[in-house]
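Worksheet: one structure, shown below.
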Amino acid sequence: MKPSDYQKFTKKKNSVVKEEFRQSKKKAKKERAEAINKRFEEKRRLKEEAANLRSQIPNQKFPKTGLQPAATIQPQTKGNKQEIVNAMPLNKFLAHCGVCSRREAVDVIKEGKVKVNNAIITEPAFKVSEKDDISFNGKKLFITKNLVYILLNKPKDYITTTDDPQGRKTVLQLTKNATTERIYPVGRLDRNTSGVLLLTNDGELTQKLSHPSYEVKKVYEAKLDKPLTKTDFEKILSGVKLEDGLIKADSLGYVDARDKSVIGIEIHSGRNRIVRRIFEHLHYDVKGLDRVMYGTLTKKNVERGKWRFLSEKEVRLLKYLNKSKVNPNDKAAG
């Protein structure tokens, strides 16, 4: 690609950002509609097969399957009264745990993938409580009552850890009044890097965004100690060999044509300090680094050091981000 192919990352990039947001939303809606249609088709097919089977052998019992019968959970007792504490349908419980939506949970349960107190349950409306031992594909589930998503415009001199033995300032000090839930940053920005940072208690989303398969886009604005030469510009686009392997930018541009020391760089790698290392490898000193975009999130209307909650639409877009690129058999790595 030629340098002229890239325009400014500031004013002219806003229209591109909006268009990408619209396209991402459109793509997410399409994928969701296709998934829903696929589920409905599968349910119809199963119903038809069951109806045909019943008509063929009306007076016979169906053979036993490999699934265990639904177990009966004994309600807790208190004196002579029986009561179920915080009872809810099993499919609702799965949704609250972030496994999938309530509608998707119906199919998951009917497929025999969920156990309650070591017994396979195939009835979505089966009542459970937080005291029950509930697992999905062998993994124990814990309910999250209140999922929180916060966008922080991180300033310099704050580290992205939950606590620091050395007593340095952390990003959680900036959001301490936002929620009583235990939240944590998704990914990291080093101490001297500012910009967009997502904090949440949604473990599933954190795993997805951290997995390399999702190729989450990140856009940075870097201030160098000297103008970036055309030769080095091309090197960054074609690939720079670092100690941990080859790395290249997805796109690159001068923020201001009159000042070639301010660079906009788009990259999806999650390697530690990757942007700084690229420029340092080419003998540039990064005087300032600001992340202006993370996935579909920007710091628009959020002042430095301030935060805001994400909207429902923003959360949905993040959850469906680059979903078509990901192999469903991949295991998320946090």
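Please specify each residue of region 104-120 satisfying the condition of being outside any strand (DSSP E or B) and either free of Cβ contacts under 8 Å to residues at least 12 places away in the same chain or not basic (Lys, Arg) (or both).
Glu104, Ala105, Val106, Asp107, Val108, Ile109, Glu111, Gly112, Asn117, Asn118, listed by residue number.
Could you pull out the residue among Tyr320, Tyr294, Tyr284, Tyr254 that is modelled with pLDDT under 90 and touching a Lys or Arg at 6+ places or on another chain (Cβ under 8 Å)?
Of the residues listed, the single one that is modelled with pLDDT under 90 and touching a Lys or Arg at 6+ places or on another chain (Cβ under 8 Å) is Tyr320.
Failed condition for Thr162, given (1) in contact with a helix residue (DSSP H, G or I) (Cβ under 8 Å, 6 or more places away or on another chain); (2) assigned by TED's automatic domain parsing to the domain that holds Ala222; (3) among the polar types (S, T, N, Q); (4) touching a residue at least 24 places away in the same chain (Cβ under 8 Å), with all others met?
(4)
Being outside any strand (DSSP E or B), assigned by TED's automatic domain parsing to the domain that holds Asp290 and among the small types (Gly, Ala, Ser) narrows it down to one of Gly270, Gly253, Gly264, so name that one.
Gly270
In region 131-154, how many residues are of a type in the set (Asp, Glu) and either within 30 Å of Arg188 (Cβ to Cβ) or surrounded by 15 or more Cβ atoms within 10 Å (Cβ to Cβ) (or both)?
1
Name the residues in region 210-228 that are of a type in the set (A, V, I, L, M) and either in contact with a helix residue (DSSP H, G or I) (Cβ under 7 Å, 6 or more places away or on another chain) or assigned to a loop (DSSP other than H, G, I, E, B) (or both), would you?
Val216, Ala222, Leu224, Leu228
Could you tell me how many of the residues in region 121-145 are closer than 25 Å to Asn201 by Cα and without any contact (Cβ under 8 Å) to a residue 40 or more places away in the chain?
The qualifying residues number 6.
Tyr214 - would you say it is of a type outside the set (Lys, Arg), crowded, with 16+ Cβ neighbours inside 10 Å, under 30 Å from Ser24 (Cα atoms) and in contact with a strand residue (DSSP E or B) (Cβ under 6 Å, 6 or more places away or on another chain)?
In short, no.
Please give the number of the condition Gln173 fails out of (1) over 14 Å from Gly270 (Cα atoms); (2) of a type outside the set (Val, Ile, Thr); (3) surrounded by 14 or more Cβ atoms within 10 Å (Cβ to Cβ).
Going through the list (1) over 14 Å from Gly270 (Cα atoms); (2) of a type outside the set (Val, Ile, Thr); (3) surrounded by 14 or more Cβ atoms within 10 Å (Cβ to Cβ), Gln173 breaks only (3).
If Gln207 passes every condition in (1) at pLDDT 85 or above; (2) surrounded by 14 or more Cβ atoms within 10 Å (Cβ to Cβ); (3) more than 22 Å from Glu303 (Cβ to Cβ) but one, which one does it miss?
(1)
Conditions tested, residue by residue: (1) assigned to a loop (DSSP other than H, G, I, E, B); (2) more than 26 Å from Val275 (Cα to Cα); (3) more than 17 Å from the chain's Cα centre (by Cα).
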site: Thr122; (1), (2), (3): yes, yes, yes
site: Lys131; (1), (2), (3): yes, yes, yes
site: Leu147; (1), (2), (3): yes, yes, no
site: Ile150; (1), (2), (3): no, no, no
site: Thr162; (1), (2), (3): yes, no, yes
site: Gly187; (1), (2), (3): yes, no, no
site: Ser194; (1), (2), (3): no, no, yes
site: Glu204; (1), (2), (3): no, yes, no
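Asp256 versus (1) closer than 15 Å to Val286 by Cα; (2) surrounded by fewer than 15 Cβ atoms within 10 Å (Cβ to Cβ): which is the lone unmet condition?
For Asp256, the exception is condition (1).
Is it the case that region 209-218 has a residue that's more than 21 Å from the chain's Cα centre (by Cα) and not acidic (Asp, Glu)?
No, region 209-218 has no match at all.
Restricting attention to region 260-312, and to residues there that are of a type in the set (Asp, Glu), in contact (Cβ under 8 Å) with a residue 24 or more places away in the chain and more than 22 Å from Glu243 (Cα to Cα), which single residue is surrounded by the most Cβ atoms within 10 Å (Cβ to Cβ)?
Of everything passing the filter in region 260-312, Asp290 is surrounded by the most Cβ atoms within 10 Å (Cβ to Cβ).
The values are calculated or read from the model by the stated rules, or taken from the named source; none is laboratory data. Here the structure is a predicted model, which means the values were calculated and not measured. Please note: Cβ atoms are built from the backbone with ideal geometry, for glycine as well, and neighbour counts cover all protein chains shown.
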